[in-house]
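Shown next, in structure tokens, is the structure this report addresses.
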Amino acid sequence: MDKIKKKRAALHNLGCKVNAYETEAMRQLLEEAGYEIVDFSETADVYVVNTCSVTNIADRKSRQMLRRARRQNPDGILAAAGCYVQTKTEDVRKDADVDIMIGNNKKRDLVRMIEEFETDRKRTEAVAPIHQKQPYEELKLDRTAEHTRAFLKIQDGCNQFCSYCVIPYARGRARSRAFSEILEEAERLSANGCQEVVLTGIHLSSYGTDTGESLIHLIRETAKIKGIRRIRLGSLEPMIVTEAFAEELSKIDKICPHFHLSLQSGCDATLKRMNRKYSTEEYKRSCEFLRKHFSHPAITTDVIVGFPGETEEEFSETELFLKEMRFYEMHIFKYSRREGTKAAALPEQVSEQVKAKRSERLIALADEMSEEFRRHYLGKETEALMEEPFEYNGRRYFAGYTKEYVKVALETETDMSNSFVKGKVADRLCCRTYLMVEF
């Protein structure tokens, strides 16, 4: 009897760490349904694009990936999922390439919707009215394609309604995942070889506000799981980082001293227009608490340039504040006008030319500060979790990351994937990667 050929599925992820988690979860659903997962560049029977809508550029990239999938197999099934589908539902409905539309909070229905489409070849959609109260959608992971590090989603939605942000309209209100479900997933990931987890959510700082749990308690319990040797945190709101919070975190030896605190602007007047709920002084204090309780922590941030009404003086305030804070990494975004947000209607919209110039200045500053942070480790002993091989100048290396998320490499022919290596940071190698000499 001839062996039945497996159907092939390919997935492409756009956007944030939460999207990355959900793409992995959909990948697992397809594997469990008998699909062979192939690279997105290959011919597949089913293509799944997990879209993003955080900026206009994200919308455009989502459309581009949908068109690319259709070109690769005109007869294949194309499923569009995620934030672009949720916020631009009518636009996606008009897209003749898309066979299946899946909004947020409906991704676990993927396999069922594919089967329905195969039956009658009629377009199908599941897009919930996200502005209404939604339960937490329980997606699950047992393993991850990376094996070494896994995103572990613990929360969804956001109640902040920053004036520039479309995410509350794409993801709905904040809701937390059940405590027991999170720990059970961490146990499964550990059993399958994952040694590092990244706790992530749309608004991670609000975890537990609707269930009576606390983020610190969750981290402590996750740290008790055998096999999990590192815990990273996704993006935090600065006001969660009180001195008590920083002190309690520092007592958990598995926590990585790598913290992303969203800033968006270093000017108080701009922060107020953004509806960000802190001042630059309060933000600075949160960073000081982390630096008090951790030795040389890696603090990273996001900054938006060209927000409506941002004058040269306000931009200069932001630039001076960033220089004072000395971040490890900064993600610089040019303000993207999003239909339906309060900021879209604000006067004094900044020109694209001015945004580009300001962005270039801050990117140069970010590169300078990042290099300064990495140089701190030259000559110092460190430990890295190794992830992947690469070649440089005809030599073979294995690269990994320290707890602070500094990329280091060891010259070796040996497969060191998912192993911890101790050594001394010897020199700068390439591409923000530092050479490590093993003991």
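Here are some notes:
- Beta bridges per DSSP with both ends in the chain, % antiparallel, nearest 5: 35 percent
- A 1.4 Å probe run over the chain, with the rest of the protein chains in place, finds 45 Å² accessible per residue.
- Links that overshoot a 26 Å alpha carbon limit, given the list 284/422; 403/424; 254/424; 61/94; 153/422: 284/422; 153/422
- Alpha-carbon radius of gyration plus Dmax, which is the widest Cα pair, for the stretch 319-376 in Å: 14.4, 45
- Calculated SAXS-style log₁₀ I(q)/I(0) at q = 0.14 Å⁻¹ - the stretch 26-98, Debye, Cα scatterers: -0.44
- Long pairs among 5/106; 107/133; 17/107, criterion Cα-Cα beyond 19 Å: 5/106
- Calculated P(r) of the stretch 270-322 - Cα pairs past 19 Å, %: 35 percent
- Largest-first principal axis extents of the Cα set of the stretch 19-168 (Å): 42, 38, 27
- Label positions at residue 209 and residue 64, each projected 7 Å from the Cα along the C-beta direction, are separated by 3.5 nm.
- GluC sites (Glu not before Pro) within the stretch 352-408: DSSP coil, no more than 12 neighbouring Cβ in 10 Å: none
- Choice from 377, 401, 392 with maximal GNM fluctuation in the chain (Cα, 10 Å cutoff): 392
- For the stretch 316-439, the spread of Cα positions along each principal axis, largest first, Å: 59, 30, 26
- Filtered trypsin sites (Lys or Arg not before Pro), the stretch 25-127: DSSP coil and at most 14 other beta carbons within 10 Å: 94, 121, 122, 123
- Summarising the label geometry, the points placed 7 Å from Cα in the beta-carbon direction at residue 75 and residue 128 lie 3.7 nm from one another.
- Computed log₁₀ I(q)/I(0) - Debye formula, equal Cα scatterers, no solvent, the stretch 196-271, q 0.28 Å⁻¹: -1.53
- For the stretch 50-191, carbon and sulfur atoms together expose 47% of the accessible surface, with a 1.4 angstrom probe and every protein chain in place.
- GNM flexibility winner over the chain from 212, 193, 423 (Cα, springs under 10 Å): 212
- For the stretch 11-28, 3J(HN,Hα) computed residue by residue from phi via the Karplus equation (6.51, -1.76, 1.60; θ = phi - 60°) reads 10, 9, 10, 10, x, 7, 5, 5, 4, 4, 4, 5, 5, 4, 5, 5, 4, 5 Hz, glycine and proline entered as x.
- Considering only 69, 186, 145, the Gaussian network model of the chain with Cα springs below 10 Å gives its largest mean-square fluctuation to 145.
- Computed from phi, the 3J(HN,Hα) profile of the stretch 287-298 under the Karplus parametrisation 6.51, -1.76, 1.60 (θ = phi - 60°) reads 5, 5, 4, 5, 6, 6, 9, 10, 7, 6, x, 8 Hz, with x in place of Gly and Pro.
- Projected area, mean over directions - the stretch 267-358, Cα convex hull, nm²: 6.2 nm²
- Take the Cα of residue 302, step 7 Å toward its Cβ, do the same at residue 351, and the gap between the two points is 2.8 nm.
- Compactness of the stretch 145-234 as Cα Rg over 2.2 N^0.38 Å, two decimals: 1.13
- Solvent-free Debye scattering, log10 I(q)/I(0), computed from the Cα coordinates of the chain at q = 0.08, 0.13 Å⁻¹: -0.49, -1.34
- A quarter of the convex hull surface defined by the alpha-carbon atoms of the stretch 78-237 gives 10.5 nm² as the mean projection.
- J(HN,Hα) series, the stretch 66-83, from Karplus relation 6.51 cos²θ - 1.76 cosθ + 1.60, nearest Hz, glycine and proline x: 5, 5, 4, 4, 5, 5, 5, 8, x, 9, x, 8, 10, 10, 9, 10, x, 5
The values are calculated or read from the model by the stated rules, or taken from the named source; none is laboratory data. Predicted model only: the values in this text are computed from it and were never measured. Neighbour counts are summed over all protein chains in view; Cβ atoms, including those assigned to glycine, are modelled from backbone coordinates with ideal geometry. For the accessible areas, the whole protein counts, side chains as well, though only heavy atoms, and no ligand, DNA or RNA atoms are used. Shrake-Rupley method; radii C 1.70, N 1.55, O 1.52, S 1.80 Å.
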